[in-house]
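The values are calculated or read from the model by the stated rules, or taken from the named source; none is laboratory data. What you are looking at is a predicted structure, and each value in this text was computed from that prediction instead of being measured. Quick reminder, even Gly has a Cβ in these numbers, built from the backbone with ideal geometry, and neighbours come from all protein chains shown. Side chains are part of the model used for accessible areas, which takes the heavy atoms of the whole protein and leaves out ligands, DNA and RNA. Shrake-Rupley method; radii C 1.70, N 1.55, O 1.52, S 1.80 Å.
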Amino acid sequence: MPEDKNRVYIFDTTMRDGEQSPGASMSLEEKIQISRVFDELGVDIIEAGFPIASPGDFEAVTEVSKILKKSIPCGLSRHVKKDIDACHEALKSAERFRIHTFISTSPLHMKHKLNKSPEEVIEAIKEHVTYARKFTDDIEWSCEDGTRTNVDFMCKTVELAIKCGAKTINIPDTVGYSVPSEFKKIIETLINKVPNIDKAILSTHCHNDLGLAVANSLAGVTAGARQIECTINGIGERAGNAALEEIVMAMKTRNDLMPFETGINTKLLSKASKVVSNATGFPVQFNKAIVGKNAFAHESGIHQDGMLKNRNTYEIMTPESVGVKQTSLVMGKHSGRHAFKDKLTDLGYKDITDDVIQIAFGKFKILADKKKHVYDEDIAALVDDSLIKEDNVINLKSLKVFAGTGEPQRADMTLEIYGNIKQATEIGDGPVDAIFKCVKKLYPHDVKLQLYQVHAVTEGTDAQATVSVRIEENGKTTVGQAADTDTLVASANAYLNALNKMIIKRKKTAPDGYQVQKGHQQQKMKGI
Ligand code: KIV
Ligand code: ZN
């Protein structure tokens, strides 16, 4: 890593802390796709999961570690040797990797969560940081609930963790309780009072319960921290984590006040946001800073007039700087494969295989037949659809829906299930209900529908719809997605996509009684 004193390292935890948002689970394929984008984006460290938590997390950290070109992969562990072993096992194929190990240090957590005295916590740090150091010299240590920790005790634990080999010291505002002035003071105190602090990089990890995660992180950097832990779109436990895109653009736009550099290629922020939103099924609010649909929209006449005269009147950064392009009419049904491929490169899809291009081109031809104007967003939606390849055992063969006033809504559906063709007709409270009932009849299952969401890709009544469906079964969740000009076909395919992913997930069970899921259920693991 460069030695520049103003370089701030970006540690992304979208696939670990972000995935702890209830319902935000990502499949292995999605994590690999996200990791490729993050690698290209210039994220310095990618926390890909918590390997001991579940076989899915272990596999994700293992596979992500194999594909990263520049970013350093990282796994999370408690102060438990088995956790640290699992991290090492999952990460070891990478040339360079980081083990992130944490323990609570606040009086509240030590007493009620860990049932440990401060002396026992000190012993645990000594034992486990030293143990982790056997596997790599890139150890990160975190004092969970740091902002509610006695600052003298924090100084003692930080000094010890550095002495045992930690190279990064992370200060989490676990419950999002701090405010910028206080967080800044904590970092300053550590810098002033911990004798060996120059041997480590200080890091921030702020949650957003009071909406202050980004402000607290930036206050930490102003005080001397040089790593920020964050997530794309700010996803994470409860109100989420500090949003990567906001942090990076704040430092870039107000470089006069915060003269720090990151390795982030900001032109890929918009793409990263879309990939994460698609994988989690969590929509990005329209007015979200940097990546929201309206972030660069100027509605009022006065603003539009000002913008026409000089963009600086109402624009503090350009949409292009975060990868938002003016939407353009791209192609029609006579456009060839070559032009299509060029368009994909233009839209930032560089590493996709010929197979995916072939599938996406086939879908494009069908779409161009149905839809008068095909826009960049349409192309992106159908490529994203083609990129998510699962081993589907259930596929939609045909669908007819009868909807409207008077008659009850009815769906006739044919599915191929494990190679067998099956047909059903169902009525429901609305066409979507009838469709989902058909699937349930043909493939009996007991999942709960947690989310059904329709989103129009572009303007107009002939717009493609992308449908997201999240389902839950025994604490496990999956998100399915599909795009089509027919909203009901997209609904059926999104539901089947989620179900196929659940079937794959069922096959993976946790080892050693660690039957752990993400989010609040993860609390069942001792010490979290
Ligand atoms: O919020 C938190 O305290 C964490 C730690 C595990 C770093 O996520
Ligand atoms: Zn956290």
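Find all pairs meeting these conditions: Cβ atoms under 8 angstrom apart; at least six residues apart or on different chains; first residue within the range 272-288 and farther than 16 Å from ALA381 by Cα; second residue of a type in the set (Lys, Arg). The qualifying pairs are PHE286/LYS293. Testing TYR418 on (1) among the aromatic types (Phe, Trp, Tyr); (2) open to solvent by less than 80 Å² (accessible area, probe 1.4 Å); (3) more than 31 Å from the chain's Cα centre (by Cα), one condition comes back false. Which one is that? Of everything listed in (1) among the aromatic types (Phe, Trp, Tyr); (2) open to solvent by less than 80 Å² (accessible area, probe 1.4 Å); (3) more than 31 Å from the chain's Cα centre (by Cα), TYR418 misses just condition (2). ALA295 meets the conditions (1) open to solvent by 60 Å² or more (accessible area, probe 1.4 Å); (2) in a loop (DSSP other than H, G, I, E, B); (3) over 30 Å from GLY362 (Cβ atoms); (4) modelled with pLDDT of 80 or more in every case but one. The failed one is (1). Being within 16 Å of ligand 2 (Cβ to nearest atom) and either at pLDDT 95 or above or open to solvent by 20 Å² or more (accessible area, probe 1.4 Å) (or both) is a property that does not hold for SER117. The selection criterion, being more than 16 Å from ligand 1 (Cβ to nearest atom), outside the structural domain of ILE162 (by TED's automatic domain parsing) and either under 30 Å from ILE503 (Cβ atoms) or outside any strand (DSSP E or B) (or both), holds for ASP4. Taking the condition touching a residue at least 12 places away in the same chain (Cβ under 8 Å), of a type in the set (Gly, Ala, Ser) and either surrounded by 16 or more Cβ atoms within 10 Å (Cβ to Cβ) or not assigned by TED's automatic domain parsing to the domain that holds PHE364 (or both), does ALA456 pass? No; evaluated as a whole, the condition is false for this residue.
Of the residues making up the range 104-114, just one is outside any loop (DSSP other than H, G, I, E, B) and buried (at least 24 other Cβ atoms within 10 Å of the Cβ), namely SER104. Scoring HIS79 on the criteria (1) farther than 19 Å from ALA53 by Cβ; (2) in contact (Cβ under 8 Å) with a residue 60 or more places away in the chain leaves a single failure, condition (1). Here ASP85 meets each of (1) under 12 Å from THR136 (Cα atoms); (2) surrounded by 18 or more Cβ atoms within 10 Å (Cβ to Cβ); (3) more than 20 Å from the chain's Cα centre (by Cα); (4) of a type outside the set (Val, Ile, Thr) with one exception, condition (2). I'm checking my understanding of the structure. Among residues of the range 7-42 that are in a loop (DSSP other than H, G, I, E, B) and over 13 Å from the mean Cα position of the chain (by Cα), which one is nearest to ligand 1 (Cβ to nearest atom)? Filtering the range 7-42 for residues that are in a loop (DSSP other than H, G, I, E, B) and over 13 Å from the mean Cα position of the chain (by Cα), the one nearest to ligand 1 (Cβ to nearest atom) comes out as VAL8.
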